[in-house]
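Worksheet: the structure to be examined is printed underneath.
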Amino acid sequence: MSEHNTRAEILGNPIDRVDGPAKVTGQARYAAEQVGSKEVLTGWPVGATIAKGKITGIDTSAAEQAPGVRCVLTYKNAPEQNPFGEPADEGRFTQSRALLRVADVRHYGEPVALVVAQTLEQARYAASLVEVSYDAETPAQFLSASDATLVPEELDGGFEPDAETGDWQTELRNARYSISQRYSTPRQISAAMEPHASIAHYDGENLTLHSSVQILASAIPALANTLNIPPENIRVHSPFVGGGFGSKLGLHYDAILASLASMVTGQAVKVVLSRRQVFYQTPHRGNSRQDIKLGCDNDGALTAIRHTSAMPTARNYDFAEAPGAVARVTYQSRSISSTHRICVTDTPAIDSTRAPGDAIGSLAFEAAIDELAARAGIDPLTFRLNNMPDYHPVSQAPFTSHRLGDCLRDGAEKFQWGTKAPEADGKKRGLGVASAMRLNMFVASEARLSLDKNGHFTVQTDMTDIGTGTYTILTQIVADYFDVPMEQVTVSLGDSDYPTSCGSGGSFGAASAGSSVLRACQQMAEELSQHLPSNATGEGMRLHEDTLMYVRSGGGEEKIRLTELLPPSKPELSVIGAVNDEDTSDNPQYSCGAHFAEVEVDTVTGEVKLVRQLGVFSAGKILNHKTAASQLKGGMVWGAGYALREHLMYDHETASFINPDLAEYHIAVNRDIGDMEVHFIEEPDYDASPLGAKGIGELGITGAGAAIANAVFDAVGVRVRKYPITPDKVLSGLD
Ligand code: MOS
């Protein structure tokens with residue numbers, strides 16, 4: 001049984017997902033597939049066609065008479081709920097998410113009715129028969145950076161809205177080289193493969209909800225606060241989640257609508273959002289305006305960093321992301337100033353979307369760094385390496401570890417920085433680099449570990465696996481600790497009756513939940529040693545199937561079967577492992593990375609073809625090299641999406657989306673991606689977490705898009721500051 005997993009025989013290995021066979025054979029049941037013996041009705045939401053105002057009339061009679069329809073819920077007949085947004089003190093994930101409560105419309109696409117029928121087709125058809133009239137008002141919108149005047153209380157990730165060190169104005173005036181530019185990023189959306197889906201069953205007292213959700217701990221109070229059901233009467237299941245990317249941190253409309261409908265019908269009700277409904281009834285990322293001013297001295301040492309961010313927020317749904325976070329931490333500078341301002345708008349929920357803050361912050365900031373390097377005539381890789389911070393540039397506190405420079409150097413060598421393939425006619429090639437620094441968060445988490453008399457371990461925690469590999473790494477942690485085969489461990493997740501975990505989000509899942517399982521292993525070893533015969537030393541315990549080996553006093557190994565070891569009154573041992581803030585350092589903790597990209601730009605069409613991407617990452621101990629690399633690759637694909645394609649277009653006339661589906665909202669697909677390599681600089685960071693692991697989920701996204709933008713500039717000298725870098729914008733730069 002190992003401390004700090006020094007043998008690393010199982011932990012770290014690129015082991016295939018333990019849930020892989022269940023997933024590819026359809027045995028892994030997602031929220032909408034949780035079939036019980038009971039009949040399940042289907043609900044289909046009707047979305048508002050105004051962004052703000054009041055419903056003046058709603059005629060459901062035709063829908064009610066349509067075949068198979070059981071009921072049509074509107075604000076006139078839905079069960080009583082607490083007002084949307086209350087109580088607000090605990091934040092957006094637990095506040096009331098009331099729907100169909102009042103005649104007021106909060107945003108375009110908000111459900112104004114739910115048609116409940118025997119089949120999906122019947123519900124969907126009947127929904128088309130619901131007639132609604134409105135008295136529309138003018139929605140508040142975010143039209144220009146100057147609309148964002150409010151100072152958010154706190155930024156996502158716990159950052160202060162403003163940060164300052166040194167005198168940026170004086171430094172900028174005195175800088176040898178400087179730049180001042182505005183970068184814009186558009187609205188974006190998570191668009192997880194599995195749409196948001198729920199099945200609710202309320203039996204008059206208890207509510208059982210199957211939902212696709214990243215964090216169960218906040219789902220229970222959210223339902224309790226919305227529906228006025230005591231939290232102890234609510235159980236939520238989310239054993240498999242087909243991607244979340246922040247859009248499933250909290251519960252969304254499918255969960256509330258299904259619950260309301262079950263309360264009315266007394267039957268189980270399923271609501272699966274269509275892709276278009278996902279765009280309106282789940283969160284997206286707001287657009288940003290980022291103004292960046294940078295200055296450096298003659299040698300390219302940064303002297304001034306000024307970053308201001310302006311973004312919208314959705315009314316009564318407090319969330320402000322931190323695009324300025326990267327500007328505060330990535331490079332040393334004599335002065336740094338960063339501010340965030342927001343504008344309250346009447347829009348669908350704005351919330352965490354795929355690396356909130358850093359994804360779009362790095363798109364702007366790492367492009368700006370390149371612009372300054374170009375102005376100073378310094379190679380962009382050299383420029384970055386010249387400005388590595390030895391301590392946090394704003395707080396001056398030491399990092400728990402900081403390997404950004406090593407990532408950049410190692411990446412440059414592996415990528416062969418400076419070497420491009422030959423250019424074909426009309427094509428220009430370019431190389432780009434960008435740094436990645438992503439805050440490491442550690443969140444309190446608990447897990448139960450049980451051992452039965454056959455030597456089989458079971459982990460139970462309400463942690464989720466959103467496609468990231470949680471089942472696999474938690475299995476590895478136990479198998480590694482007790483030196484038993486993976487088959488001797490079962491991990492059971494996603495049930496709110498299990499001990500409360502951090503859930504999945506903010507890249508904190510693996511290190512936090514994993515550390516709680518490590519703690520549980522240590523406690524189990526302790527518990528086992530208490531049952532050892534009196535001649536045992538407590539040293540050298542190991543399990544072989546159902547037999548425990550131990551060293552007896554005076555030397556020599558003894559063995560004892562668990563059935564003999566454990567008293568008949570206690571045939572199974574069970575312990576809880578728990579971690580909290582005290583298990584992590586107060587010093588700044590970051591995962592680091594370096595992104596490299598090569599592109600080919602068609603000078604006739606303006607198209608950008610991604611030739612290759614390479615990333616080198618340092619994120620503490622890597623728990624499984626395969627699932628970790630897969631997440632980072634996924635992040636790099638999103639980077640390609642952000643840089644070149646993704647743009648959730650907004651129609652300011654109607655305050656609605658122009659392209660709310662995956663036909664028109666272009667994510668990067670296979671053909672858009674070139675060669676891709678992921679490497680690690682492995683350095684366990686026990687100041688960050690007992691496991692030594694740090695977050696990786698969002699690290700792959702951070703900087704990935706900027707490396708591509710910088711490669712486009714290198715290829716054709718065009719700097720597109722309004723993302724995404726679509727062919728029309730490249731072409732107009734070439735004129
Ligand atoms: Mo994340 S975007 O905090 O799931």
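For region 261-275, filtered to residues that are in a helix (DSSP H, G or I) and more than 21 Å from the chain's Cα centre (by Cα), the residue that is surrounded by the fewest Cβ atoms within 10 Å (Cβ to Cβ) is THR265.
Yes/no matrix, rows are residues, columns are (1) touching a Pro at 6+ places or on another chain (Cβ under 6 Å); (2) buried (at least 22 other Cβ atoms within 10 Å of the Cβ); (3) in a loop (DSSP other than H, G, I, E, B):
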| position | (1), (2), (3) |
| --- | --- |
| ILE622 | no, yes, yes |
| ALA628 | no, yes, no |
| GLU664 | no, no, yes |
| ALA668 | no, no, yes |
| GLU683 | no, no, yes |
| ALA707 | no, yes, no |
| ASN710 | no, yes, no |
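For THR461, indicate whether it is hydroxyl-bearing (Ser, Thr, Tyr) and more than 16 Å from the ligand (Cβ to nearest atom). Yes: the conditions hold for THR461.
Cβ-Cβ distances below 6 Å connect the following pairs, each with a first residue in region 373-401 that is under 14 Å from TYR331 (Cβ atoms) and of a type in the set (Val, Ile, Thr), a second residue that is part of a loop (DSSP other than H, G, I, E, B) and at pLDDT 95 or above, and a separation of six or more residues or different chains: ILE378/GLY300.
Select from region 238-260 the residues that are of a type in the set (Ser, Thr, Tyr) and more than 16 Å from the ligand (Cβ to nearest atom) and write down the one among them that is farthest from the chain's Cα centre (by Cα).
Within region 238-260, the first condition is being of a type in the set (Ser, Thr, Tyr), and the residues that meet it are 238, 247, 253, 259.
Among the residues that remain, those that are also more than 16 Å from the ligand (Cβ to nearest atom) are: 253, 259.
Details: TYR253: 19, SER259: 25 Å.
Among residues in region 238-260 that are of a type in the set (Ser, Thr, Tyr) and more than 16 Å from the ligand (Cβ to nearest atom), the one farthest from the chain's Cα centre (by Cα) is SER259.
Taking GLN523 as the residue in question, decide whether it is away from the ligand (no atom under 16 Å from the Cβ), at pLDDT 95 or above, under 30 Å from SER585 (Cα atoms) and more than 21 Å from the chain's Cα centre (by Cα).
Working: away from the ligand (no atom under 16 Å from the Cβ): yes; at pLDDT 95 or above: yes; under 30 Å from SER585 (Cα atoms): yes; more than 21 Å from the chain's Cα centre (by Cα): yes.
For GLN523, the condition - away from the ligand (no atom under 16 Å from the Cβ), at pLDDT 95 or above, under 30 Å from SER585 (Cα atoms) and more than 21 Å from the chain's Cα centre (by Cα) - is met.
Can you name the residue in region 170-226 that is among the β-branched types (Val, Ile, Thr) and part of a strand (DSSP E or B) and is also nearest to the ligand (Cβ to nearest atom) among such residues? Reasoning before the result, please.
Initial filter on region 170-226 (among the β-branched types (Val, Ile, Thr)): 170, 179, 185, 189, 199, 208, 213, 215, 220, 226.
Those left that are additionally part of a strand (DSSP E or B): 179, 185, 189, 199, 208.
Values: ILE179: 30, THR185: 15, ILE189: 12, ILE199: 23, THR208: 25 Å.
Across region 170-226, the extreme among qualifying residues is ILE189.
Each residue in region 80-89 was checked for being in contact (Cβ under 8 Å) with a residue 40 or more places away in the chain and surrounded by fewer than 18 Cβ atoms within 10 Å (Cβ to Cβ), and 6 pass. Working only within region 126-156, note down all residues that are under 26 Å from ASP351 (Cβ atoms) and in contact with an Asp or Glu (Cβ under 6 Å, 6 or more places away or on another chain). Within region 126-156, PRO139, ALA140, ASP156 meet the criteria.
Pairs linking a residue in region 246-275 that is small (Gly, Ala, Ser) to a residue that is within 16 Å of the ligand (Cβ to nearest atom) and outside any loop (DSSP other than H, G, I, E, B), with Cβ atoms under 6 Å and 6 or more positions apart or on different chains, are ALA255/SER211. For ARG448, the conditions (1) under 22 Å from GLY157 (Cα atoms); (2) of a type outside the set (Val, Ile, Thr); (3) not in a loop (DSSP other than H, G, I, E, B) are fulfilled apart from (1).
Within region 469-481, being surrounded by fewer than 24 Cβ atoms within 10 Å (Cβ to Cβ) and either of a type outside the set (Val, Ile, Thr) or over 20 Å from PRO690 (Cα atoms) (or both) holds for one residue alone: ALA479.
Hey, could you check region 407-432 for residues that are outside any loop (DSSP other than H, G, I, E, B) and touching a Lys or Arg at 6+ places or on another chain (Cβ under 7 Å) and say which is farthest from ALA511 (Cα to Cα)? Give the derivation first.
Residues of region 407-432 that are outside any loop (DSSP other than H, G, I, E, B), as a first pass: 407-415, 427-432.
Filter once more, keeping what is touching a Lys or Arg at 6+ places or on another chain (Cβ under 7 Å): 408, 429, 431.
Details: LEU408: 24, ARG429: 39, LEU431: 34 Å.
Out of the qualifying residues, it is ARG429.
The values are calculated or read from the model by the stated rules, or taken from the named source; none is laboratory data. Everything numeric here is computed off the predicted structure, so don't read it as measured data. Backbone-built Cβ (ideal geometry, glycine too); neighbour counts: all protein chains shown.
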